[in-house]
Amino acid sequence: MAKFSRTWWGKRFIEALEDFTDSSRLGRGRSYANNGKIKEYRIINNQITAKVRGSVNPYFGVYKEPLYTTKIEITPISSAQWSKAIKTIASNASFVSKLLMNEVPDNIDSAFSDLKLHLLPDSRTDFKTSCSCPDYANPCKHIAGVYYLVAAQLDSDPFLLFELRGLSREDLQTELAKTPLGEALSASLHETAIAPEPSESYYTQPERVPLNATADLKEFWMGSKRLPPPPPPPQPAIVPAILIKKAGDFPPFWHKDISFLEVMSDFYTRVKTKNKEVL
């Protein structure tokens, strides 16, 4: 069976649907998601709308491939409740550092527990689904197929969870910017890539410097001024290897099932310890 999600939050997202959906329709939904049956889908706020290609079935008089409209709506969280939850998230350094690395903290539910809410869908009451297909079951295989693709997208874009709960990225940034820690996360959501600058050469060009013919040999070797004290030792980073960790366990370019961070951690450990005794 194909894995549609490799992160814990993506798997939890899938488990919520699987808990109340017929297993045979789930299997066919996975097949639809794998075989390109989902023609398109769009996410606007907490609503997912998709066009799904159906199956030709002469037995039921279907001789031309149908196109069904599928809708999935995740129960939104109110603006007032979002303000309270974001205040908790933005004041917690561990929450902010994880989100900066494009990951959902595994204890994110604690920010919603006092409100008796949860960020990830948890039960049938968190969903409102419909499909134009003739299947009497709801969710049907078309709904399941769309849901699996959305779960896969969550791996690389965890902030989509906030949108599906009714909080747009713009509103999220506004709420986060109200606290100092939140400003760091807010800025990362709208980072722009630095454009490369052209260079005439890969190497620094040497420059001719006129030689002082009356150079003092003592001054040359000893120097005319006392050398400054050595710089203080560097302080350890608050979040080590932030550039590596920022993309998370499964960045977009990483297509293996094992965590990218685990692979890099093992690689750096081997580089640091290789030939350590010789040096």
Of the residues in segment 43-57, those that are within 22 Å of the chain's Cα centre (by Cα) and not in a strand (DSSP E or B) number 2
Q. Does residue 125 satisfy being under 30 Å from residue 24 (Cα atoms), modelled with pLDDT under 90, open to solvent by 40 Å² or more (accessible area, probe 1.4 Å) and part of a helix (DSSP H, G or I)?
A. yes
Of the residues in segment 107-116 that are in a loop (DSSP other than H, G, I, E, B) and of a type in the set (A, V, I, L, M), the one that is most open to solvent (accessible area, probe 1.4 Å) is 115
Going through segment 160-171 in order, the residues found to be touching a residue at least 40 places away in the same chain (Cβ under 8 Å) and either open to solvent by 20 Å² or more (accessible area, probe 1.4 Å) or within 15 Å of the chain's Cα centre (by Cα) (or both) are 160, 161, 162, 163, 164, 166, 168, 171
Only one of 100, 119, 26 is open to solvent by less than 40 Å² (accessible area, probe 1.4 Å) and under 27 Å from residue 170 (Cβ atoms), namely 119
Within segment 129-166, residues in a loop (DSSP other than H, G, I, E, B) and either in contact with a Cys (Cβ under 8 Å, 6 or more places away or on another chain) or of a type outside the set (Ser, Thr, Tyr) (or both) come out as 133, 134, 135, 137, 138, 139, 140, 157, 158, 159, 165, 166
With the first residue restricted to segment 85-97 and required to be in contact (Cβ under 8 Å) with a residue 40 or more places away in the chain, and the second required to be of a type in the set (S, T, N, Q), Cβ contacts under 7 Å at 6 or more apart or on different chains are 90/179; 91/179
Note: among 272, 218, 225, 256, just one is of a type in the set (D, E, K, R) and modelled with pLDDT under 75, namely 272
Expected single match for free of Cβ contacts under 8 Å to residues at least 40 places away in the same chain, surrounded by fewer than 19 Cβ atoms within 10 Å (Cβ to Cβ) and within 20 Å of the chain's Cα centre (by Cα) among 40, 15, 65 is 15
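The values are calculated or read from the model by the stated rules, or taken from the named source; none is laboratory data. All values reported here derive from a predicted model rather than from experimental measurement. Cβ: placed from backbone, ideal geometry, glycine included. Neighbour counts: every protein chain shown. Calculation scope for accessible area: heavy atoms of the full protein, side chains included, ligands and nucleic acids excluded. Shrake-Rupley method; radii C 1.70, N 1.55, O 1.52, S 1.80 Å.
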